[in-house]
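Beneath this line is the structure, given in structure tokens, with notes to follow.
The values are calculated or read from the model by the stated rules, or taken from the named source; none is laboratory data. Just so we're clear, the structure is a prediction, and the values are computed from it rather than from any experiment. Using ideal geometry, Cβ is built from the backbone for each residue, glycine included, and neighbour counts are taken over all protein chains shown. In case anyone asks, the SASA skips ligands and DNA or RNA and just uses the protein heavy atoms, side chains included. Shrake-Rupley method; radii C 1.70, N 1.55, O 1.52, S 1.80 Å.
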Amino acid sequence: MDDKDLELVHLLRAVAIEFGLRQAEFATANGMHPTDVRALVCLLDAARAGEPATAGLLGARLGLNSAGTTAVIDRLERLGHTTRARDPHDRRRVLLTVTPQAVRLGRTFFGPALATLAEATAALTAAERQAVHHFLTTARAAFAGPDGGSGQPGGSGEAGAAFISPSSPTP
């Protein structure tokens, strides 16, 4: 595997770093913890997918225990970014919803970047979209498992070593 084979991986890493920095800026500007921002993204993703957004789902997606999940939900609720309501189909279950206020904050902050990405996506051919989708889906799956997709504890496979190589031209 050479640098040419990893060029897109390095670029993806740089995008992830920049996105993380913008999330941290958004969190700081709005009196939130970075985990709170990730929680809002998870809740919005669940809503888009038509999944019931529960504390259990949120905790699993963020890798938090029950106490950590409750703390995130409490903070978001105090800030007016989420609401809790009983599930009308199962009164034992509590559903989480992102408030319109939180959506507005996110759109104001992230809207310009998302518009740029939507514009770039609109310019792609169907084949290009499929290639990008395949790459990003594969990248997500590679990092989704407990071993980072390397088959080794800690995710330290050959690709992992190349991913953090000091000779990499991008962060």
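Compute for segment 10-51: radius of gyration divided by Kirkwood radius, i.e. Rg/Rh, restricted to C-alpha atoms, rounded to two decimals.
In segment 10-51, Rg relative to Rh is 1.07.
So how much slack lies between Thr99 and Arg48, counting 0.36 nm per residue of separation and subtracting their Cα-Cα distance, in nm?
Gain on stretching Thr99 to Arg48: 16.9 nm.
Report the residues of segment 94-127 in range of a label on Val41: point 7 Å along Cα→C-beta, backbone N strictly under 13 Å from it.
Hits in segment 94-127 for Val41 at 13 Å: 110, 114.
If I model a spin label at Arg140 and Arg78 as a point 7 Å from the Cα along the Cα→Cβ vector, what separation in nanometres do I get?
3.2
Suppose R0 equals 30 Å. What FRET efficiency, 1/(1 + (r/R0)^6) with r the Cβ-Cβ distance, do Val15 and Ala71 give to the nearest 0.05?
FRET efficiency, Val15 to Ala71: 0.55.
Given a Förster distance of 35 Å, report the FRET efficiency between Thr121 and Asp3 from their Cβ-Cβ distance, rounded to the nearest 0.05.
My answer for the efficiency is 0.85.
Could you tell me the largest-minus-smallest coordinate of the C-alpha atoms of segment 1-74 on each of the three principal axes, in descending order and whole angstroms?
The Cα atoms of segment 1-74 stretch 46, 29, 23 Å along their principal axes.
For segment 35-143, which whole percent of the accessible surface, found with a 1.4 angstrom probe, sits on carbon and sulfur atoms?
Of the solvent-accessible surface of segment 35-143, carbon and sulfur hold 61 percent.
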